[in-house]
Amino acid sequence: MLYEYSGKELYDSYDNAETSILKAYQRKLLQDRADRGNTDAKKFIRLIEAKESTHAIDTM
């Protein structure tokens, strides 16, 4: 059986990614999990979206 990372592990990997490419890849993995019904992944996607919208407001 293959190991599947938890939503928290994927979010931590996203949060600590050193490049935008790695961040995008980790976010895609989280989004894929959320699309399959993983509630933890859905929560972390909402958290990422909230951070991004706050960051966009701060840079205006």
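Between N38, N16, the distinction of being open to solvent by 60 Å² or more (accessible area, probe 1.4 Å) and out of contact with any Cys (no Cβ under 6 Å at 6 or more places or on another chain) belongs to N16 only.
For the chain, the helices (runs of 4 or more DSSP H) that sit wholly inside it and include 1 or more residues that are touching a helix residue (DSSP H, G or I) at 6+ places or on another chain (Cβ under 6 Å) and of a type in the set (D, E, K, R) are 20-35, 39-58. Cβ-Cβ contacts under 8 Å between residues 6 or more apart (or on different chains), taken from a first residue in the stretch 19-46 that is closer than 12 Å to E9 by Cα to a second residue that is in a loop (DSSP other than H, G, I, E, B), are listed as Q26/A17; L29/Y5; D40/S6. From the list Y14, Y25, Y5, the lone residue that is touching a Leu at 6+ places or on another chain (Cβ under 7 Å) and hydroxyl-bearing (S, T, Y) is Y14.
One line per residue, one yes/no per condition, for (1) open to solvent by 90 Å² or more (accessible area, probe 1.4 Å); (2) modelled with pLDDT of 90 or more; (3) within 9 Å of the chain's Cα centre (by Cα); (4) of a type outside the set (F, W, Y):
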site	(1), (2), (3), (4)
Y5	yes, no, no, no
Q31	no, yes, yes, yes
A34	no, yes, no, yes
L47	no, yes, yes, yes
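The values are calculated or read from the model by the stated rules, or taken from the named source; none is laboratory data. Remember, predicted model here, so these are calculated numbers, not experimental data. FYI the Cβ positions are ideal-geometry reconstructions off the backbone, even for glycines, and counts take in every protein chain you see. SASA here: full protein model, heavy atoms, side chains in, ligands and nucleic acids out. Shrake-Rupley method; radii C 1.70, N 1.55, O 1.52, S 1.80 Å.
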